[in-house]
Each structure stands twice: as C-alpha cells, then as structure tokens.
C-alpha cells in the first residue's frame, strides 16, 4: 500500500476537479479541521474545488458566506453542489413539488431551497399540505413531530414524502448524533412504503453532480477525486461516475471503527486518508 502526503499527491496526480464533503471532512463537532483553510487554498490552486454535500439544513448563500467569513475561502455558490438543490433540479422532485403546498421540517436557513423551487407555498399545518419535505431536524424540533408525520401519512397514504438529506448521523462528542435522514428512515419504516430520497449515496444526486461538472466543461471524470467521511458515499460515487474516491477516516462518522470493519461493511475506496490536511498521508487501497 503506497502512501504519500496529500500535498505531494495532489501535485503528482493533477486532478481535473476535487469534490469535497463538508461535515466530517472540512468540519467536525469540534469546529473546523486543523489547517483546513490552508488546505483548501492549496487545493483551489491545483483544481476546481466543489463542495459536494448532503445539505438541506443551510442554503448555499449561507454556506458560501460562512466559508468566506470563517476560513477566508472564496467558494462561489455555483461550486457548491448541495442535495437541497434537488427540489429544483431533480426532475422527479421538480414534478412532485411544482404548484404544491409544502409542509417542511427544516430551519429558516433551509427555506431558500424551497423558495427557489416551483412549489406553490409552505404551510405549518399537515392537513393543508400536498407534500411533506424533510430537510433538517434540530434541537428545536421534537420527536412528537415525527410521530405526527407518521400518523398523518398512515391516514393519507397518497401524500408524497421527500428527504433531501439522506445522512443518518453526524459525528459528535458522544459518538454519533442522528440527523434528518435517520428520522426520515424511521418514517419510511413505520408507514411501510418508500419515500423519495435525494442526496449521496443515491444515483439521482450523482446524476446532478455530473450535470454540474459538465456545465463547467469538466468531463474527465477518471481524474476527479472525491473526499468523504462516509464510505457508502465514496463507493457509490466511484460506481456511478467512475471518479477516484478517498475515504476520510479520522474526522468523520467512522472514526471509532477500524478501517477493516468499514471495508467489510461498505467495500473499499481507491484511497484512504486520516484527515484533509496537506501533511496527512494518503494511501492507495485498490
């Protein structure tokens, strides 16, 4: 298994683009990863960098502004590939939401994704909704809301339910903390019918990533490198788009598992690295 620093690796492979996840790669529950500003700046000097994230919690203008304010990194909104955009750009979700009244579970920061879609309006009353959209679950939400949705969906089996952030957990000081995908999965299980998912590791999000890259005239996918802390996402994008996947191990959701346990459960990425740092060693696995 050959290894070299990320700094040396990027200079050697000359990527056509870099796809980088956010939670568990750029930031953790403790804040931003050490020296991440320096790392991102270096990467941007060597290839177009796209933040490629399951995120319907925060609309892209807030993400871009936060990176500028906290890391002094300029990342225009069109270089942020967010699962929240599925409400506008995924044909299946577009058809479901057009001219519909939406009951959404999210935050004020996530409303931008709905506002740029073709929905009719939002409502805070389940019985007035044509569709339920699951975007974010925070400390301000209660578990009773999830039960209310389950009960309503059981009585109204034709109402569509969409989750545009499939992440089940994020890493926290207590190990793993459930996020909206976890609660969406609970809803799906209890109502005994599939809901509609958009985001990593689903192929509809991979299609959207490909569309965004081609819009930037990036077509050499074999020399694109994708960094994510969720091995399922890495393996899926390798399979869907034939990009080069790199599993980020020690800053994300699988940091408490031995790498071999992760491989046995999800398969292998092409590369592995402990953290997205220029001096971290990146190793080839395949």
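The values are calculated or read from the model by the stated rules, or taken from the named source; none is laboratory data. Not measured: the values here are computed from a predicted model. Quick reminder, even Gly has a Cβ in these numbers, built from the backbone with ideal geometry, and neighbours come from all protein chains shown.
Numbers for the structure displayed
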quantity	calculated
Failed item, numbered, when residue 257 is tested on (1) surrounded by fewer than 23 Cβ atoms within 10 Å (Cβ to Cβ); (2) at pLDDT 95 or above	(2)
Selection within the stretch 23-39 - out of contact with any helix residue (DSSP H, G or I) (no Cβ under 7 Å at 6 or more places or on another chain) and within 27 Å of residue 211 (Cα to Cα)	23, 24, 25, 27, 39
Hits in the stretch 127-148 (condition: touching a strand residue (DSSP E or B) at 6+ places or on another chain (Cβ under 9 Å) and closer than 20 Å to residue 197 by Cα)	129, 130, 131, 132, 133, 134, 135, 136, 137, 145, 146
Residue within the stretch 210-221 that is in contact with a strand residue (DSSP E or B) (Cβ under 9 Å, 6 or more places away or on another chain), outside the structural domain of residue 128 (by TED's automatic domain parsing), at pLDDT 95 or above and surrounded by fewer than 17 Cβ atoms within 10 Å (Cβ to Cβ) present	yes
From the options 11, 116, residue that is within 26 Å of residue 217 (Cβ to Cβ) and assigned by TED's automatic domain parsing to the domain that holds residue 174	116
Of the criteria (1) over 19 Å from the mean Cα position of the chain (by Cα); (2) on the phi < 0 side of the Ramachandran plot; (3) free of Cβ contacts under 8 Å to residues at least 40 places away in the same chain, which one residue 38 fails	(3)
Helices (runs of 4 or more DSSP H) lying entirely in the stretch 176-286 (those with 2 or more residues that are in contact (Cβ under 8 Å) with a residue 12 or more places away in the chain and within 22 Å of residue 9 (Cα to Cα))	231-241
Options 20, 80, 63: the member that is in the same structural domain as residue 268 (by TED's automatic domain parsing), modelled with pLDDT of 95 or more and either in contact with a helix residue (DSSP H, G or I) (Cβ under 7 Å, 6 or more places away or on another chain) or buried (at least 19 other Cβ atoms within 10 Å of the Cβ) (or both)	20
